[in-house]
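Chemist: Can you keep this structure in mind? I'll have questions shortly.
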Amino acid sequence: MNHIIVPVDLSSNSKDALYYAAHLAEHAGTDIMIVYTTSLLQKVVNYTAGKGDKAKDAQKWILKRIIKIKTRHPGVPVDFRIIKGDILDGLKKMIESTKADMVVMGTQGEDENPETFLGSTSGALVKTTDIPVLLVPPGFKFNGIDKVVFAAKNTSVRYIGALEPIISINQIFKPHVQLLHLGEQTDPLPEQGFSILQVINDITRYGNDNFNESIHEYLSQHHADLLCVIRRKRGLIEKLLGPSKTLASKFYTDIPVLVLIGED
């Protein structure tokens, strides 16, 4: 990891994600770019709702958080951008121009339904971005990464770069990585890809390939600091992403989720 982008919407959820990213950046030796996006439509919505022009307050909000980050994590380089236009387009352009290799963001926006795990922006970014996204649930505080649950049905990826984030986390934090192997489908032959088993310490097999049920059951019985999954075409995460690009409301976890990018 070299460069982390943190989208913010001035909500407490995005503040939690930003502070999580600061801890991660300090341990990984990376820098952070905070991104706030504003649009004409959003200004109209804000004025209609009596919230005024949030873009005028964005710089003040961001600078206040940067001061805190520099105080708590003096070695972490932090910068910010306030950009105009569509949120997703703006984020994707920032990812490309800065050569970012990870996005850390809150699971929910300021005014979104708390009963769904992902809001519209985070859900859409997870579905369409080309780099890993680490999703931080509301109120979560970083307290190290000692145990990772890696949920997967297929334990191979076609290119080793897909595993780089979890390999880095493994090298930095040296967590216990538990593979939650879902379903009974036979894995592809080794020559068809790279095995995720190189980062795994133990394996728990679930014949049930229902992602929601398996994750809920396992995490209700075992502590974990991070859940890791792979986004694949027609894979577990893809099935949970509906036309609205949000995760089904029945899925929920109270720990951060790292979504790696598998093959399309």
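The values are calculated or read from the model by the stated rules, or taken from the named source; none is laboratory data. Owing to the predicted nature of the structure, the values given are computational and were not obtained by experimental measurement. Because the Cβ atoms are built from the backbone with ideal geometry, glycine has one as well, and the counts that use them run over all protein chains shown.
Chemist: Among the residues of segment 212-234, is any surrounded by fewer than 13 Cβ atoms within 10 Å (Cβ to Cβ) and either in a strand (DSSP E or B) or at pLDDT below 80 (or both)?
Modeler: Taking segment 212-234 as the starting set, the residues that turn out to be surrounded by fewer than 13 Cβ atoms within 10 Å (Cβ to Cβ) are 220-223, 233-234.
Going one step further and asking which of them are either in a strand (DSSP E or B) or at pLDDT below 80 (or both), we end up with 233-234.
Yes, some residue in segment 212-234 is surrounded by fewer than 13 Cβ atoms within 10 Å (Cβ to Cβ) and either in a strand (DSSP E or B) or at pLDDT below 80 (or both).
Chemist: Here's something else I'd like to know. Determine, yes or no, whether N170 is part of a loop (DSSP other than H, G, I, E, B), within 20 Å of the chain's Cα centre (by Cα) and at pLDDT 90 or above.
Modeler: Details: part of a loop (DSSP other than H, G, I, E, B): no; within 20 Å of the chain's Cα centre (by Cα): yes; at pLDDT 90 or above: yes.
It is false that N170 is part of a loop (DSSP other than H, G, I, E, B), within 20 Å of the chain's Cα centre (by Cα) and at pLDDT 90 or above.
Chemist: Something else now. For segment 89-121, give me the residue count where each residue is modelled with pLDDT under 90, within 16 Å of the chain's Cα centre (by Cα) and either closer than 15 Å to I32 by Cα or of a type outside the set (G, A, S) (or both).
Modeler: Qualifying residue count for the region: 6.
Chemist: Among the residues of segment 122-138, are any at pLDDT below 95 and farther than 17 Å from V103 by Cβ?
Modeler: yes
Chemist: When segment 124-144 is examined, which residues are found to be within 15 Å of P7 (Cα to Cα) and touching a Lys or Arg at 6+ places or on another chain (Cβ under 8 Å)? First the steps, then the outcome.
Modeler: We begin by selecting, within segment 124-144, every residue within 15 Å of P7 (Cα to Cα); these are 124-126, 129, 131-138.
Those that are within 15 Å of P7 (Cα to Cα) and touching a Lys or Arg at 6+ places or on another chain (Cβ under 8 Å): A124, V126, T129.
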